[in-house]
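This report concerns only the one structure given below.
Each reported figure results from applying straightforward, stated rules to the coordinates on display, with no laboratory input. Keep in mind that what you see is a predicted model, and the values were worked out from it rather than measured.
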């Protein structure tokens, strides 16, 4: 009502990486975590625990650390693997605007009537990804190989190959731990100021709610 401008607090990963690079000279202090309140559109505030492997591009390790957290609370959410490069490559191959993925217009893709594209949309498991590799254009094969090469050992793994979200820094391999529509953790590989790293965020509010529900049973 007052029309005052508000600056919402965003995720601090970029700031943390830059502070570490400029202020911390000890190379041993490259794995760290932090807790912060964060806002997302339109005005929701939530807490998250950010964990960064700064200068260490090691997504399997990031996923393993997140798994250990869930193990402590006897939680087994699904691990969803994606590669944000896949939607970008598909748009390049088909000469389509990226906003198709940004706005979730998947029907536009299915209208292309391409068997390999339909199979990509239907893929839900690593087995599907391995089979899909023989069908997709050459440009997409490295993206699939990156997912397959993660070598994650977990009982509930799924894939979402057409998943896309315009994020500030995650730009390739991406993962989420989720269950019944709730996201408990997300992370991926990223590059900030030329420094390749991996990291993830635990979404504290959703996790507390899930743990309380489990304890009530």
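The table below gives the values:
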{"read-out": "Principal axis box of the stretch 85-166, alpha-carbon based, largest edge first, Å", "value": "35, 25, 18"}
{"read-out": "The stretch 58-217 - Kirkwood radius from inverse mean 1/r over Cα pairs (Å)", "value": "16.7"}
{"read-out": "Rg/Rh (Cα only; Kirkwood hydrodynamic radius) as it applies to the stretch 59-111", "value": "1.21"}
